[in-house]
Amino acid sequence: MALWAGRFSKEIDETVNAFNSSIAFDARMYKHDVQGSIAHATMLGKCGIISEEDSEIIIKGLKEILSDIESGKLEFDPNAEDIHMFIEAELTKRYGDVGKRLHTSRSRNDQVALDLRLYLRDEITEVREMVHKLCEVLITLAEKNTETVMPGYTHLQRAQPITFAHHLMAYVQMFIRDLGRLDDTAKRMNVCPLGSGALAGTTYNIDRTMTAELLGFDAPMANSLDGVSDRDYCIELANTLSIIMMHLSRFSEEVVLWCSWEFKFIELDDAYATGSSIMPQKKNPDITELIRGKTARVYGDLNTLLTMMKGLPLAYNKDMQEDKEAIFDAVDTVKLCVNTFIPMMETLTVNAENMRAAAAKGFINATDCADYLVKKGMPFRDAYKISGTLVAECISKGLTLETLPIEEYKKMTELFDEDVYEAISLETCVKGRLSQGGPSPKAVAVQIELAKKQLEE
């Protein structure tokens, strides 16, 4: 018999029950349901709403149920409507009328809202730890490659010389911002909905502040309607997770490119690549391709939540049951992707020679050639035009700026001298970019130290 029986003259249809049931996916919140119920029972006893003795029995029973679930002694009933009713029914089965007192001054509406906040609060902590670890791995890799010259790109065209470390630290900063977004989300969701009741609070003299404190929340939610109908925290978390996936997807796309024979900047460890069923020479960066694909999945979860909530009047509606599968999937997917990306980055091999060779062939020192003339007094626009003309001359003759004879330089202007070759060498170009945030080894060293401090905060 359903715990909400009384109003109804017959049992719910089996097909409808299966359709209505959420235990298949919300069972994962069993720890948090027990945690919330223990806090609720504690408050009921302290406030004299139920006896202290009954409160203690309920708490004892809840701890027993938790232990039995974790040991495998107690299995979830697939016919139960949800994890909340399953646990309450099991408590009542074991302790009779005492178990029936647990739900005093509580609705499933505020119970569900509480459990989901508790669960996601823990999940945010886990995701944060993973992203933090990823940052550490990337910083370690950057420290080894502060002088590894590579082309920087715009429009996927070779643009200016940078270092591999500089490139990696760009992603570190992205992921550090993701950590901030996770922290912001966790802060905003750390208010307690329990005590909101179904929507209008309760006539019992409960202590919502006590319950909030017992569960580690900053405060009770200020409005009972908002307490049961808000899913902002799910949407905000899904948005943050989507941004994390976007960053991972961008990085993955670059790994895919870098692994190709057209680039060959890196090589993935064999443990983090796959082969072909027909082409024996293939080594495919499948992990990164899957991350790109799974990014769309997390975006879909965000859109599911936004679409689900957009037309709902206050307060609780059954539509909101769909929040869990979407946000659970988003969290699970991000954890899976980050957890796989970390060891892949730890074990990859950097092909510094190929990176430098690519940098040497793309005329990415053309800006430095123009800057050379500017430093000798020529207006930048004139210097820019001369540098571009020299590039065109090199292309027509199959040369590079480094191999173009000095005579050709002097035909453009007598400001050129032999020192131009030093000025446009890739190493000089990189080391000379000392501006804050730039690619020089000194500038990148500052970025690395800053990132380490940011991760300590």
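The values are calculated or read from the model by the stated rules, or taken from the named source; none is laboratory data. Only a predicted model underlies this, so the values are computations on that prediction, with no experimental measurement involved. Cβ coordinates were reconstructed from backbone atoms using ideal geometry, including for glycine residues, and neighbour counts include every protein chain displayed.
The table for this structure:
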| read-out | value |
| --- | --- |
| Filtered residues of region 156-187 (kept if among the aliphatic types (A, V, I, L, M), in contact (Cβ under 8 Å) with a residue 24 or more places away in the chain and either more than 30 Å from F217 (Cα to Cα) or in a strand (DSSP E or B) (or both)) | A159, I162, A165, L168, M169, V172 |
| Matching residues, region 16-53, being touching an Asp or Glu at 6+ places or on another chain (Cβ under 9 Å), more than 24 Å from F328 (Cα to Cα) and without any contact (Cβ under 8 Å) to a residue 60 or more places away in the chain | G45 |
| Every residue from region 119-134 that is in contact with a Lys or Arg (Cβ under 9 Å, 6 or more places away or on another chain) and either aromatic (F, W, Y) or under 21 Å from G437 (Cα atoms) (or both) | Y119 |
| Every residue from region 202-226 that is surrounded by fewer than 16 Cβ atoms within 10 Å (Cβ to Cβ) and among the small types (G, A, S) | G216, A219, A222 |
| Residue match in region 193-210 (condition: among the hydrophobic types (A, V, I, L, M, F, W, C) and within 27 Å of the chain's Cα centre (by Cα)) | no |
| Selection status of Y153, part of a strand (DSSP E or B) and of a type in the set (S, T, Y) | yes |
| Residue under evaluation E143, criteria (1) outside the structural domain of P343 (by TED's automatic domain parsing); (2) under 30 Å from L168 (Cβ atoms); (3) in contact (Cβ under 8 Å) with a residue 40 or more places away in the chain, criterion not met | (1) |
| Yes/no for D97 being buried (at least 23 other Cβ atoms within 10 Å of the Cβ), under 19 Å from L44 (Cβ atoms), at pLDDT 95 or above and charged (D, E, K, R) | no |
| Condition check for T403: farther than 30 Å from R128 by Cα and within 45 Å of the chain's Cα centre (by Cα) | no |
| Region 402-437, residues that are in contact with a strand residue (DSSP E or B) (Cβ under 9 Å, 6 or more places away or on another chain) and either among the aromatic types (F, W, Y) or surrounded by fewer than 17 Cβ atoms within 10 Å (Cβ to Cβ) (or both) | E427 |
| Where G197 falls short, out of the listed (1) crowded, with 17+ Cβ neighbours inside 10 Å; (2) not hydroxyl-bearing (S, T, Y); (3) not in a loop (DSSP other than H, G, I, E, B) | (3) |
| Single match in T92, T125, T104, T42 (criterion: within 31 Å of the chain's Cα centre (by Cα) and among the hydroxyl-bearing types (S, T, Y)) | T125 |
| Members of region 64-80 that are touching a Leu at 6+ places or on another chain (Cβ under 8 Å) and buried (at least 19 other Cβ atoms within 10 Å of the Cβ) | I65 |
| Given (1) modelled with pLDDT of 95 or more; (2) over 18 Å from Y153 (Cα atoms); (3) within 46 Å of the chain's Cα centre (by Cα), number of the condition M355 does not satisfy | (2) |
| Candidate set: region 347-396, residues that are closer than 23 Å to K144 by Cβ and of a type in the set (V, I, T); chosen: the one surrounded by the most Cβ atoms within 10 Å (Cβ to Cβ) | I364 |
| Matching residues in region 262-292 - criterion: being loosely packed, with under 13 Cβ neighbours inside 10 Å and out of contact with any strand residue (DSSP E or B) (no Cβ under 8 Å at 6 or more places or on another chain) | E262, D270, A271, S277, I278, M279, P280, Q281, K282 |
| Number of the condition not met by K324 [criteria: (1) modelled with pLDDT of 95 or more; (2) crowded, with 18+ Cβ neighbours inside 10 Å; (3) out of contact with any helix residue (DSSP H, G or I) (no Cβ under 6 Å at 6 or more places or on another chain); (4) not hydrophobic (A, V, I, L, M, F, W, C)] | (3) |
| Residue list for region 227-237, filter: farther than 15 Å from M308 by Cα and either of a type in the set (G, A, S) or without any contact (Cβ under 8 Å) to a residue 60 or more places away in the chain (or both) | G227 |
